[in-house]
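Please treat every number below as a calculation from the coordinates, not as lab data. Treat the numbers as computed from the prediction; the structure is a model and nothing was measured. Please note: Cβ atoms are built from the backbone with ideal geometry, for glycine as well, and neighbour counts cover all protein chains shown.
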Amino acid sequence: MHFIFARLYKMSRLHDIHQAKAMASANVFCMNPRDKDISYADHSTLQRNILLKTMPILKDTIKDMLSKILPVTCIKVADLGCASGPNAFFPTYEIMDTIIRICQQSHCESPELQVFLNDLPYNDFNTVFRSVPDFKKDKGDLRGPCFIAGVPEEMIDGGRMLLSLTGRSIIDPTSNDCCFLWDLLTKSLIDLVDKGLVQESDVDSFNIPFYTPCKEEVMEIIEKEGSFNLHKMKVFEDNWDFEDNDHDTNFVFDKNKSGQNFAKTIRAGAEPMLASHFGEIIIDDLFTRYAYHVGEYLSREKTKYITIVVSMTMK
Ligand SMILES: C[S@@+](CC[C@H](N)C(=O)[O-])C[C@H]1O[C@@H](n2cnc3c(N)ncnc32)[C@H](O)[C@@H]1O
């Protein structure tokens, strides 16, 4: 019996089809690869923190699924949007540990696990597959074979999907927690227009294919689409600066450091898109301005980064 467990990171609404097609052909939606100064692999701590918060829901989902299917010979896991770096294998580690623990408690043999790491074609799969030996070493004590591949897969009835996406906290689509990070990027681009480094017309023609739904919209889409039963939905809030953890009483706010941390997080994901439209040459200047504006903004207001997590079963 085969089951698929999946997560997906980004829902996009394409505001301008022509623009989007041109961008897609240039493969600009991928995260920055390892050979870039600000790679996703080295600058994805904010996403790592979000993954950590998602883990209890992931474990509950696996527990519930196993309670219905054990004993089972094979479980398939598809990570949709694995990117590269430490986060690419992190959920797989947690899924394996959870399955093995539950099987031991139930006195069942652990099933074979097939892991499908999925992302866009220009994702930095070289970095992902270079980590496979370490992964195998760390998990050498596993019972049963583990097969890791970078190919597409399909979901079957009863399969589980854990969906994690950037969202907004309220119904109002102009709320700061969904748009303001891009407003600050616009402000930084305008600074470069003022300096003569960027053409105003290029700023006007630039569209970011980014949409952050609120939980009501996500629920409506799941219901309308009709393939899944929704089990659980949770909304998490994180500070923009990954070092600024509300539980860390030792954290001292430094607007320059916070501005730089968040600028690197955004650059690791958005640089290919920006470089393809404005050229590589402006990227350092742009993110220097961005870090400044983010730092100034955070010293006045602490806007949260919102993540919506849903656990669903394929009907
Ligand atoms: C913000 S990153 C999240 C990466 C990783 N899962 C993590 O938690 O750090 C989103 C990933 O989704 C990928 N992605 C976006 N659209 C996709 C699509 N249509 N199919 C597959 N992957 C996609 C991007 O290339 C990127 O690697």
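Some notes on this structure:
- A Förster radius of 30 Å combined with the Cβ-Cβ distance from E301 to D42 puts the calculated FRET efficiency at roughly 0.60.
- Cα principal axis extents for region 171-213, largest first, Å: 38, 16, 10
- For the chain, built as a Gaussian network whose Cα springs stay under 10 Å, the top-fluctuating residue of P213, P121, P272: P121
- Estimated Rh, the chain: Kirkwood, alpha-carbon pairs, angstrom: 21.0 Å
- Extended-chain gain in nm, criterion 0.36 nm per residue less alpha-carbon gap, M233 and M219: 4.2 nm
- Residues of region 173-191 with amide N under 20 Å of the 7 Å Cα→Cβ point at I281: 188-191
- Sorting the segments 304-314, 214-224, 96-106 by their residues' average number of neighbouring beta-carbon atoms within 10 angstrom, most packed first, yields 304-314, 96-106, 214-224.
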